[in-house]
Amino acid sequence: MADNSPEHETSAAEGAYWRENIRLLVTLMSIWFACSFGAGILFRGFLDQFLIGGYPLGFWFAQQGSIYIFIALIFYYVVKAKQIERKYDLDD
């Protein structure tokens, strides 16, 4: 017997919203981890053969690049989260 009450529909929408939101967060944090840890530490030796602003690229990622990428990911998250909220009719 299915419960079709408004409370059940809302909780189902909220559950789907949070699953999609958490998936988005995990994806974005994985990108940031790959850029900060990968480019700044693991691939630093390879990236240091390239220069950006007179500094080795691996050093740049470790000192500034990962911060810029993190800020860009925050802006992307804000836009995407608003789309997800609209999709599940949970926006203000």
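The values are calculated or read from the model by the stated rules, or taken from the named source; none is laboratory data. Computed from a predicted structure; not experimentally measured. Because the Cβ atoms are built from the backbone with ideal geometry, glycine has one as well, and the counts that use them run over all protein chains shown.
For region 59-92, filtered to residues that are over 17 Å from the mean Cα position of the chain (by Cα) and within 30 Å of Phe46 (Cβ to Cβ), the residue that is surrounded by the fewest Cβ atoms within 10 Å (Cβ to Cβ) is Gln63.
If you take the residues in region 11-50 that are touching a residue at least 12 places away in the same chain (Cβ under 8 Å) and of a type in the set (Phe, Trp, Tyr), which one is farthest from Gln83 (Cα to Cα)? Here the residue is Phe46. Restricted to the chain, the set of helices (runs of 4 or more DSSP H) holding at least 1 residues that are modelled with pLDDT of 95 or more and in contact with a helix residue (DSSP H, G or I) (Cβ under 9 Å, 6 or more places away or on another chain) comprises 6-33, 66-87. Taking the criterion of being charged (D, E, K, R) and at negative phi, the residues of region 52-90 that qualify are Lys80, Lys82, Glu85, Arg86, Lys87. Look at Leu47 and say whether it is surrounded by 12 or more Cβ atoms within 10 Å (Cβ to Cβ), within 30 Å of Asp91 (Cβ to Cβ) and aliphatic (A, V, I, L, M). Against the criterion (surrounded by 12 or more Cβ atoms within 10 Å (Cβ to Cβ), within 30 Å of Asp91 (Cβ to Cβ) and aliphatic (A, V, I, L, M)), Leu47 does not qualify.
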